[in-house]
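The values are calculated or read from the model by the stated rules, or taken from the named source; none is laboratory data. Computed from a predicted model, the values in this text were never measured in an experiment. As a convention, Cβ positions derive from the backbone with ideal geometry for all residues, glycine included, and neighbour counts pool all protein chains shown.
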Amino acid sequence: MYRVLANKREGRILVTGKEKDLELLAEGWDLLLESLDWEEAFEYALEIAGDDVVEWYYDEAVKKKHLAGLVAS
């Protein structure tokens, strides 16, 4: 499950598949989207970002592209 979390006070949006990042909700972040698809979550984050900084884990993006390549083979 991938999630889009936002902290408007800090101007940050995080795309994450890591369960531990749900701890950010207790620190004032908001859960904006849950998706089984990393690209859907990432595209949503970019759409809503405006001037906010979008952050993501490089390993999750690479894993998604690698898996997509295996399926296409």
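Tell me, yes or no, whether the stretch 52-69 has at least one residue that is at pLDDT 95 or above and in a helix (DSSP H, G or I). No - not one qualifying residue is present in the stretch 52-69.
Could you list, in sequence order, the residues of the stretch 22-47 that are of a type outside the set (D, E, K, R), more than 12 Å from the chain's Cα centre (by Cα) and assigned to a helix (DSSP H, G or I)? Write out each step before concluding.
As a first pass, look at the stretch 22-47 and keep what is of a type outside the set (D, E, K, R): 22, 24-26, 28-29, 31-33, 35-36, 38, 41-42, 44-46.
The next check asks that each one be more than 12 Å from the chain's Cα centre (by Cα); those that pass are 24-26, 28-29.
Answer for the stretch 22-47, where residues must be of a type outside the set (D, E, K, R), more than 12 Å from the chain's Cα centre (by Cα) and assigned to a helix (DSSP H, G or I): Leu24, Leu25, Ala26.
Regarding Trp29, is this residue farther than 19 Å from Ala61 by Cβ, surrounded by 15 or more Cβ atoms within 10 Å (Cβ to Cβ) and not basic (Lys, Arg)? Write out each step before concluding.
Numbers: farther than 19 Å from Ala61 by Cβ: yes; surrounded by 15 or more Cβ atoms within 10 Å (Cβ to Cβ): yes; not basic (Lys, Arg): yes.
So Trp29 fits the description; yes.
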